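*Asks:* Take a look at this one; I'll ask things after.
The values are calculated or read from the model by the stated rules, or taken from the named source; none is laboratory data. Worth saying up front: this structure is predicted, and the values here are computed from it rather than measured. Virtual Cβ from ideal backbone geometry, glycine too; neighbours counted across all protein chains shown.
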Amino acid sequence: MRKTHVIILLLLLTWQAAAQQPDSIGRHTLGEVSVSSQRREGMSKLKGPENGITMGRAELFKAACCNLGESFVNNPSVDVNYSDAATGARQIKLLGLSGTYVQMLTEGMPNFRGVAAPYALNYVPGAWMKSISVSKGAASVKNGYESITGQIDIEYLKPQDDAGISVNLYGNTMARFEANADANLHLGKGLSTELLLHADHDFMHSDANGDGFMDLPATTQYNLQNRWHYASDRYIMHAGITALREERMGGELTSHAMTANPFAIHIEAERYEAYTKHAFILDPAHGTNVALMASVAKDMFHGGYGYRHYRADELDFFAQLMVEHQPSEVHGLSAGVSITSDGLSEQVAMGRAAANPELPRPDWRERVAGAYAQYTFKPSYHLTAMAGIRADYSSVFGTFATPRAHLKWVVNDLLTLRASSGLGRRTVHPYAEYNYLFSTGRQVQVDSIGQERAWNSGLAASLYIPLFNKTLKVNAEYYYTHFFTQTVVDYNSDSSLLRIVPLDGRSYSHTVQVDASYQLTRSIELTAAYRLNDVRVTIGGELLRKPLTARSKTLFTLSYHDALDLWQVDATLQINGGGDMPRPYTLADGTPSWEATFPTYAQMNMQLTRRFRHCTLYVGAENITSYRQPTPILGADNPWASDFEPTLTWGPMQGIMVYGGLRLNLGQHMQ
């Protein structure tokens, strides 16, 4: 659009000059004219045979996007829910299943495992992200065996991006304030560095429903990352370090406490990471290269949940050597070896501190050595087939194989088909991954847990339909996940006991999704999506619908920007279908402990953005419908009793929230 305006302006100036001197030939000097345009990046399909999308910064900035957990507001495939009403832990759901079955990657390397998993969505500031890639179903064997329902790969801002400074300030009506900054420095001869800074703090404790408990814990976080990049003709290096500290204070408000000993949630976490990646380009003509990557992460965690306490120290190490070779345009080969080492030390106090002091648990040590091979066959533009297998040896679980396959068929310009199938497995650390359940008043029992193992298969079709000189994009997909082994949270067997047990029976999920997007005009784009989940698991010998899982989701989004791309309005409406609760039990007065199901509810978000040359202002509102789960904490009047239950969450914790922010750009990341 800008290019067209400039061309028209030049033609008008030329015509005006000619009209002023019709009978003479004059010489006019025209200064330098710069014609530029801005490419708007939103959501785009993955180019390879895997089914999924990549969300660029333009898509992420359609909402507040304070952290990774708030980055999927406009995504029809990914849900983000609170795990409980006390700790503020959140989890992703993909294909109707918990985020523990999604492999988290940062720039192609596995990350955020074990202790970090329940709170990892808060550990990645939104202002740091360059893009997020979400792949569904069985993923490539390159990144390990842990993906079951898909992968989420986070790309950070790059040191080699344009040199300059970017600042992002944010505040909302819940008295939450955040500050982000990133700075790039080019040192010459292919060497560049980057510093990423983040700080946030909640200044207010809200209790909108008047139950005496904070709606969400007050959080303070400091996060720093330093990244380096070097590139020459045949060599590329990435390296970086990260340091994070987060503190959460929640639970019963002192002014509302029924006793002199308020029920408190106090969680402290520290995380330190370092990574390095090296790529050696041996033969550019045939895509022959060797890559070596390694990362190490140290987590230190302490959680206080009333009278229960949990401490953990975890050290994870990952290293991988990869070789890529493409002998021709038809054939592609990839192979590699990897080493993973997990070390976890835990202390737990599952009862009242005076009667049950913290006791050390046996340290967990698992080392896994693996190798993979993957072959890609692309005889033409229309067909791509990819098959891979990896073999791993675990010091705990022995040797196992992980096969996966993908197929992409571009039938014609209107239709593309994809299919995938593969096996995934993961090691479960129940205390670390389910520590948010310790806030319940029930006794918590953890049985011996091994590896989870599941097979996932999926089909997807993408239609590109010409309609009124534009293209209607329609995607339809179906995924089936079958669990051979699984970890199950059992609320049903005993009203005074919450059990984390291995699956004893069947467990599976069916997911069907249809979404469509259409650019109504040059300035208006619409998206609509509908997803249906049928997730069932055997609990206490019965095959039941999985509790606290919505059966459906409907999503509508509208995005408008003016001709000069100065003003932008984005709106999202989500209709979350109802679902089943854990089976209620009968109270002493004969009434059920809670309703057997939870209802359908709607949420609406909206944001207005104004762009300037070096600055962007935005203001918005979340949950405009102001719908809240009516009673997120059961038994709030007596948090020390066995019927105190804050872990049965299925809806929003807060009502409407208004926010605003500023993005200041000095030489980079213009949006």
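*Asks:* Please work out which one of (1) in a strand (DSSP E or B); (2) crowded, with 17+ Cβ neighbours inside 10 Å; (3) more than 21 Å from the chain's Cα centre (by Cα); (4) not polar (S, T, N, Q) is the condition Asp161 fails and give its number.
*Replies:* Status for Asp161: all satisfied but (1).
*Asks:* Moving to a separate point now. Restricting to the range 252-280, give me the number of residues that are at pLDDT 95 or above, out of contact with any helix residue (DSSP H, G or I) (no Cβ under 7 Å at 6 or more places or on another chain) and aliphatic (A, V, I, L, M).
*Replies:* Total satisfying the criteria: 3.
*Asks:* Does Ala85 satisfy being hydrophobic (A, V, I, L, M, F, W, C), under 20 Å from Lys45 (Cα atoms), in a loop (DSSP other than H, G, I, E, B) and in contact (Cβ under 8 Å) with a residue 60 or more places away in the chain?
*Replies:* no
*Asks:* Select from the range 598-624 the residues that are out of contact with any Pro (no Cβ under 9 Å at 6 or more places or on another chain) and assigned to a loop (DSSP other than H, G, I, E, B) and write down the one among them that is nearest to Thr440 (Cα to Cα).
*Replies:* Going through the qualifying residues, I end up with Pro599.
One line per residue, one yes/no per condition, for (1) farther than 30 Å from Leu437 by Cβ; (2) aromatic (Phe, Trp, Tyr):
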| site | (1), (2) |
| --- | --- |
| Leu197 | yes, no |
| Asp200 | no, no |
| Phe203 | no, yes |
| Gly210 | no, no |
| Pro217 | no, no |
| Ser232 | yes, no |
| Ile236 | yes, no |
| Glu247 | no, no |
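*Asks:* Continuing with this model, one more query. Considering only the range 201-249, state which residues are in a loop (DSSP other than H, G, I, E, B), buried (at least 16 other Cβ atoms within 10 Å of the Cβ) and either at positive phi or in contact with a strand residue (DSSP E or B) (Cβ under 8 Å, 6 or more places away or on another chain) (or both).
*Replies:* His205, Gly212, Met214, Leu216, Pro217
*Asks:* Hey, another quick one. Check Thr416, Thr340, Thr399 and return the single one that is among the β-branched types (Val, Ile, Thr) and either crowded, with 20+ Cβ neighbours inside 10 Å or under 30 Å from Gly303 (Cα atoms) (or both).
*Replies:* Thr340
*Asks:* Tally up the residues in the range 309-331 that are over 30 Å from Thr242 (Cα atoms) and either at pLDDT 95 or above or of a type outside the set (Gly, Ala, Ser) (or both), please.
*Replies:* Summing the residues that are over 30 Å from Thr242 (Cα atoms) and either at pLDDT 95 or above or of a type outside the set (Gly, Ala, Ser) (or both) in the range 309-331 gives 6.
*Asks:* Do you know which of the residues in the range 291-309 that are in contact (Cβ under 8 Å) with a residue 60 or more places away in the chain and surrounded by fewer than 22 Cβ atoms within 10 Å (Cβ to Cβ) is nearest to the chain's Cα centre (by Cα)?
*Replies:* So the residue we want is Ser295.
*Asks:* If you take the residues of the range 352-377 that are modelled with pLDDT of 95 or more and more than 14 Å from Asp342 (Cβ to Cβ), which of them is surrounded by the most Cβ atoms within 10 Å (Cβ to Cβ)?
*Replies:* The selected residue is Tyr372.
*Asks:* Pick from the range 47-79 the residues that are of a type in the set (A, V, I, L, M, F, W, C) and closer than 17 Å to Gln513 by Cα: which of them is surrounded by the fewest Cβ atoms within 10 Å (Cβ to Cβ)?
*Replies:* The qualifying residue surrounded by the fewest Cβ atoms within 10 Å (Cβ to Cβ) is Ile53.
*Asks:* Still on this structure: Here's a check for you: in the range 577-592, which residue that is assigned to a strand (DSSP E or B) and at pLDDT below 95 is surrounded by the most Cβ atoms within 10 Å (Cβ to Cβ)?
*Replies:* Per the stated criteria, the residue is Pro592.
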